[in-house]
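Right, one structure below, let's go through it.
The values are calculated or read from the model by the stated rules, or taken from the named source; none is laboratory data. Since the model is a prediction, treat every value here as computed from it, not as a measurement. Note: ideal-geometry Cβ built from the backbone for every residue, glycine included; neighbour counts use all protein chains shown.
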Ligand SMILES: [Zn+2]
């Protein structure tokens, strides 16, 4: 009977970015090694509400250079500002 096993080898963390290595074994000989690297700081960024809603982190948003007359904050690329009037 063939035995297939997935082993987690190590987790490296550098400057908030994580990389995880897995090795797939078949009959105790390594077949595949795969490394996952996080693109954003921390794994928890996957669950960041801003990332989930807009597809990017808040600091990655580009501004339009226009300022909202109501809340005086810069209107971003989605036409949003702090108070929500900028999209109108
Ligand atoms: Zn506003």
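Once the stretch 57-75 is narrowed to residues that are more than 8 Å from the ligand (Cβ to nearest atom) and in contact with a helix residue (DSSP H, G or I) (Cβ under 8 Å, 6 or more places away or on another chain), the residue that is modelled with the highest pLDDT is 66. Per this entry, residue 26 is not counted among residues that are surrounded by 12 or more Cβ atoms within 10 Å (Cβ to Cβ) and at pLDDT below 85.
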